[in-house]
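Just below is one structure, and these are the notes that go with it.
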Amino acid sequence: MTAQDKKSLTIVQLYPKDMNIYGDWGNTLSLSRRAQAHGFDTEIIDYNPGDEFLEHADIIVGGGGQDSGQTIIQDDLLAIGDRLKAMAKGGTPMLVICGLYQLFGKEFRTIGGENLTGIGIFDLITEGGEERLIGNIVEESDEFGTIVGYENHSGLTHLGDGVTALATVTKGEGNNRDDKKEGARVHNVIGSYLHGPLLPKNPKISDFLISKAAEKKYGEFTPATIDDSLVEKARAAAIERPR
């Protein structure tokens, strides 16, 4: 039994109907299972345009989508943007992938000439590119060690001064194929282009999100001992795969 017995965490999944094109719902499922392994009960709540926003969410998760999906959810995202920004500044952990990563920035300028305004949690701008950046990706993070996943995006993201990269790319392209940086970090919010989904192969990121949520809600987090031997085998295989 752990210190988290009978404690619970609420995970809110942003726009799963429109922003779940590359299996990013798997991040939500993996995060829930990981939290349960640490001794928490979990509740997953889907949030789609027009729903009542749950401001007492413990963790926010959002996925990727096509430009059309981003257009569908943009107005709703802008409507709840100030509340998300306040939650981020207050320490609520969040993970946003690809399309929502872009819209958590300041602006996404699509290849078709449309400018989608973001909510500005990240100091970054994304421009649509002519070529898709696709393939297995490996990167190194001071906080999370080796991160593995799969990227599939044409957006070229450039970080501003107010945000740091999630990791440095050792195999793959990353944010923009030029600076070898991938993803973004601010407060307890993580943005990334890595699909796969990201969390099953990178449990240290799951543990970060869970620990920050538990510390914010309960003032403490006592991790359980979890056997990650199968995860390590999957990670090793992923690292060896060709680009």
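Things to note:
- Ranked by how many other beta carbons lie within 10 Å on average, peptides 177-190, 223-236 from highest: 177-190, 223-236
- Computed from the C-beta positions of Glu107 and Phe53 and an R0 of 22 Å, the FRET efficiency is 0.45 to the nearest 0.05.
- Take every Cα pair under 8 Å whose residues are at least 6 apart in sequence, average their separation, divide by the length of the chain, and the relative contact order is 21 percent.
- Our helix-only sum for the chain, with -39,500 (n - 2.57) per DSSP H run of n ≥ 4 divided by its residues, gives a mean residue ellipticity at 222 nm of -9000 deg cm²/dmol.
- Gyration tensor (Cα) of segment 155-243, equivalent ellipsoid semi-axes in angstrom: 25, 21, 8
- Counted charge near Ile210, where neighbours are those whose Cβ lies closer than 10 Å (Asp, Glu -1; Lys, Arg +1): -1
- Percentage, to the nearest whole number, of Cα pairs in the chain over 35 Å apart: 9 percent
- Across Lys17/Lys204; Lys181/Lys204; Lys181/Lys233; Lys106/Lys181; Lys180/Lys204; Lys204/Lys233, pairs whose alpha-carbon gap is larger than 24 Å: Lys17/Lys204; Lys181/Lys233
- Listed residues Ser206, Ser32, Ser141, most fluctuating in the chain (Gaussian network, C-alpha, under 10 Å): Ser141
- Candidates Asn27, Asn115, Asn176, ranked by Gaussian network fluctuation over the chain, Cα under 10 Å, top entry: Asn115
- Extension gain for the segment Glu127 to Asp228, taken as residue separation times 0.36 nm less the Cα-Cα distance, is 32.6 nm to one decimal.
- Alpha-carbon centroids, segment 38-67 and segment 212-239: separation in whole Å: 20 Å
We did not get these values from a lab; they are worked out from the coordinates using the rules stated. For clarity, every value in this text was computed on a predicted model and none was experimentally measured. Backbone-built Cβ (ideal geometry, glycine too); neighbour counts: all protein chains shown.
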